[in-house]
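Heads up, the thing below is written out as structure tokens.
The values are calculated or read from the model by the stated rules, or taken from the named source; none is laboratory data. Bear in mind that the values here come from a model prediction, so they are computed numbers and not experimental data. Cβ atoms come from the backbone with ideal geometry, glycine included; neighbour counts cover every protein chain shown.
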Amino acid sequence: MPKDAASGSHRAAPVHTDPGKVSVLTALAAVSDPVRITLIRELANSADWTRSCGSFDVPVGKAALSHHFAVLRGAGLVEQRDEGAKRVNRLRREEFDARFPGLLALLLADDVVGDAE
């Protein structure tokens, strides 16, 4: 019996990228979107594993939100796991800071504007 079937989950576990293998261009592309900046900031202000994907107040639909989380996972910024019917998240702050020192601090600074003007 497949592992997902045994656990009752109907979806595959998310794939996570090692931040040490992320290129600077991938990291910059991941943090260049206002929705993803909002997700990063909200995760930074939340305890690990307390925010489910549906708990973020962002102006996108479910499919787009899933895409944004996939981009953040691909850049090594976010780790996700399933807890029952919910997928919960944590910001991989230490791991990402080790690869790109200071980048998260810049994104989390109060004077960074999250939308293009």
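You will find that of 81, 73, 90, the residue that is among the basic types (Lys, Arg) and part of a helix (DSSP H, G or I) is 73 and no other.
The set of residues in the range 70-99 being more than 13 Å from the chain's Cα centre (by Cα), of a type in the set (A, V, I, L, M, F, W, C) and under 16 Å from residue 26 (Cα atoms) consists of 98 alone. If the condition is being without any contact (Cβ under 8 Å) to a residue 40 or more places away in the chain and outside any loop (DSSP other than H, G, I, E, B), then the range 93-113 contributes 94, 97, 105, 106.
On the basis of being at negative phi, at pLDDT below 95 and not basic (Lys, Arg), does residue 112 make the cut?
Values: at negative phi: yes; at pLDDT below 95: yes; not basic (Lys, Arg): yes.
In short, yes.
Can you find a residue in the range 27-46 that is surrounded by 12 or more Cβ atoms within 10 Å (Cβ to Cβ), part of a loop (DSSP other than H, G, I, E, B) and polar (S, T, N, Q)?
Here is the first cut: in the range 27-46, the residues surrounded by 12 or more Cβ atoms within 10 Å (Cβ to Cβ) are 27-31, 33-44, 46.
Those left that are additionally part of a loop (DSSP other than H, G, I, E, B): 31, 33, 46.
Okay, now just the ones that are also polar (S, T, N, Q), so 46.
Looking for residues that are surrounded by 12 or more Cβ atoms within 10 Å (Cβ to Cβ), part of a loop (DSSP other than H, G, I, E, B) and polar (S, T, N, Q), one finds at least one in the range 27-46, hence yes.
Determine whether the range 52-73 contains at least one residue that is buried (at least 17 other Cβ atoms within 10 Å of the Cβ), closer than 20 Å to residue 98 by Cα and charged (D, E, K, R). Checked the range 52-73: at least one residue is buried (at least 17 other Cβ atoms within 10 Å of the Cβ), closer than 20 Å to residue 98 by Cα and charged (D, E, K, R). Of the residues that make up the range 55-67, is at least one closer than 17 Å to residue 12 by Cβ, in contact (Cβ under 8 Å) with a residue 40 or more places away in the chain and small (Gly, Ala, Ser)? So far as the range 55-67 goes, no, none of its residues is closer than 17 Å to residue 12 by Cβ, in contact (Cβ under 8 Å) with a residue 40 or more places away in the chain and small (Gly, Ala, Ser).
Restricted to the range 12-26, and to residues there that are in contact with a Lys or Arg (Cβ under 8 Å, 6 or more places away or on another chain) and in a loop (DSSP other than H, G, I, E, B), the residue that is modelled with the highest pLDDT is 22. Taken over the range 44-72, the criterion of being in contact with a helix residue (DSSP H, G or I) (Cβ under 9 Å, 6 or more places away or on another chain) and hydrophobic (A, V, I, L, M, F, W, C) is satisfied by 44, 53, 56, 58, 60, 64, 65, 69, 71, 72.
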